[in-house]
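For reference, the structure is listed below as structure tokens.
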Amino acid sequence: MSSIDCAQAASKCVKGEHKPPFSLGWANIYSVPTWMKQTTDTITQEVDQLKSQGLVSKLMITDAQGNANTQIQQIQSMIDAKVDAILIDAGSATALNRVIADACGKGIAVLNFDSLVDTDELTAKIDTDQLEWGQAAADWMVKQIGGKGKIIVMNGPAGISVSDDRRKGAESVLKAHPDVTVLAETNTEYNVAPAQEAMTNLLFANSDIDGVLALGGSLSAGAVLAMDKQGRALVPMTGENYRQFLELWKDKGLKGWATMQPNWLGALAAYTAVQALQGKDVPAFVKVPLPVIDDASLASYIDRAKDFPSDGYIYSRYDQAMFAKLLAQK
């Protein structure tokens with residue numbers, strides 16, 4: 001075995017000779033939501049930088065349009081094309097396991113970020129702690145309503161690990177506070193229109209609401225718009241770094257709390273893939289810290305709003321030096 005082959009064995013899945021510039025595949029579950037468009041932008045920008053460093057030759061991008069079976073086929077096409085690494089935001093926690101294991105077995109680096117799969121037959125998973133996300137949001141809500149009251153919980157799509165794990169995290173807090181009653185729950189896409197429609201229906205059925213525990217995306221913006229349209233007084237609300245929500249928060253003097261699933265998780269996945277392909281031992285799980293957006297930090301996000309789409313997410317700054325620190329953490 002050559003010294004290169006020995007080095008390549010450092011990270012899981014990576015075997016055989018992988019010489020720069022590398023070819024990467026980005027298996028996107030869907031491209032329509034703005035969060036995903038912004039994520040793809042961070043990936044392409046990072047790849048452009050890696051190209052300029054002579055480390056990447058090309059990026060193959062697919063769009064499964066929300067269909068896990070289509071995503072499986074597209075990942076298989078990347079395997080057949082013999083790409084060096086595949087980046088995946090999964091449309092199912094379980095459906096992709098076999099094709100991911102196949103890619104790993106063929107020596108391809110597999111990086112899974114944001115929506116995670118159950119299998120560990122890959123190089124690395126990259127994510128914030130979704131359980132912690134839900135716990136922190138629920139903790140804030142419980143404190144805001146004094147440990148008792150009636151709330152509505154807004155979730156993302158059922159069956160997606162990000163959504164399900166945030167809800168699990170929130171549940172651990174809600175169970176410890178039996179005087180907090182969950183009046184109703186929603187499961188919608190992380191988009192304003194379906195969230196607003198779902199909240200509108202719940203408002204008709206529930207006249208007395210003390211808080212809205214919205215667990216991500218633009219759900220909270222939809223909730224604010226629905227309450228405004230019905231002339232309802234705004235209540236404490238959690239959310240994410242969605243631009244419209246942050247602007248509504250400021251404009252309406254909302255009692256709010258938010259955190260962030262950074263779009264640059266995708267860029268970090270591309271960077272990590274290249275590190276693994278160069279023979280470096282990357283962590284099996286790269287934990288990205290959750291920032292807190294509150295009244296004290298809200299202005300710092302609003303000040304940069306113009307740099308992001310009106311229906312997009314105001315994410316924090318990043319660079320390769322920060323990525324290197326994240327990979328070096330123990």
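The values are calculated or read from the model by the stated rules, or taken from the named source; none is laboratory data. What you are looking at is a predicted structure, and each value in this text was computed from that prediction instead of being measured. Cβ atoms come from the backbone with ideal geometry, glycine included; neighbour counts cover every protein chain shown. These accessible areas exclude ligands, DNA and RNA; they are computed on the full protein's heavy atoms, side chains included. Shrake-Rupley method; radii C 1.70, N 1.55, O 1.52, S 1.80 Å.
Looking only at residues of region 188-206 that are crowded, with 17+ Cβ neighbours inside 10 Å and in contact with a strand residue (DSSP E or B) (Cβ under 6 Å, 6 or more places away or on another chain), we find that the one that is nearest to PHE245 (Cα to Cα) is ALA198. Looking at region 189-210, can you tell me whether even one residue there is within 20 Å of GLN144 (Cβ to Cβ), part of a strand (DSSP E or B) and modelled with pLDDT of 95 or more? No - not one qualifying residue is present in region 189-210. Among the residues making up region 116-129, those that are farther than 10 Å from VAL288 by Cα, at pLDDT 95 or above and not hydrophobic (A, V, I, L, M, F, W, C) are THR119, ASP120, GLU121, THR123, LYS125.
For region 11-22, filtered to residues that are under 15 Å from VAL110 (Cβ atoms) and open to solvent by 10 Å² or more (accessible area, probe 1.4 Å), the residue that is modelled with the lowest pLDDT is GLY16. Scanning region 288-330 for residues that are in contact with a strand residue (DSSP E or B) (Cβ under 7 Å, 6 or more places away or on another chain) and either part of a helix (DSSP H, G or I) or aromatic (Phe, Trp, Tyr) (or both) yields TYR301, TYR313, LEU326, LEU327.
Only a single criterion out of (1) open to solvent by less than 40 Å² (accessible area, probe 1.4 Å); (2) closer than 20 Å to GLU189 by Cβ is not satisfied by VAL83, namely (2). Of the listed requirements (1) over 21 Å from GLU121 (Cα atoms); (2) surrounded by fewer than 23 Cβ atoms within 10 Å (Cβ to Cβ); (3) of a type outside the set (Gly, Ala, Ser), TRP264 misses just one: (2).
Among the residues making up region 239-287, those that are assigned to a strand (DSSP E or B), farther than 19 Å from ASP319 by Cα, touching a Ser or Thr at 6+ places or on another chain (Cβ under 7 Å) and among the hydrophobic types (A, V, I, L, M, F, W, C) are TRP257, ALA258. Quick check on region 62-77. Is at least one of its residues among the charged types (D, E, K, R) and either at pLDDT below 95 or open to solvent by less than 40 Å² (accessible area, probe 1.4 Å) (or both)? No, the conditions are met nowhere in region 62-77. Answer with yes or no whether GLY134 is surrounded by fewer than 20 Cβ atoms within 10 Å (Cβ to Cβ), of a type in the set (Gly, Ala, Ser) and either within 26 Å of ASP208 (Cβ to Cβ) or out of contact with any helix residue (DSSP H, G or I) (no Cβ under 9 Å at 6 or more places or on another chain) (or both). Answer is no for this residue.
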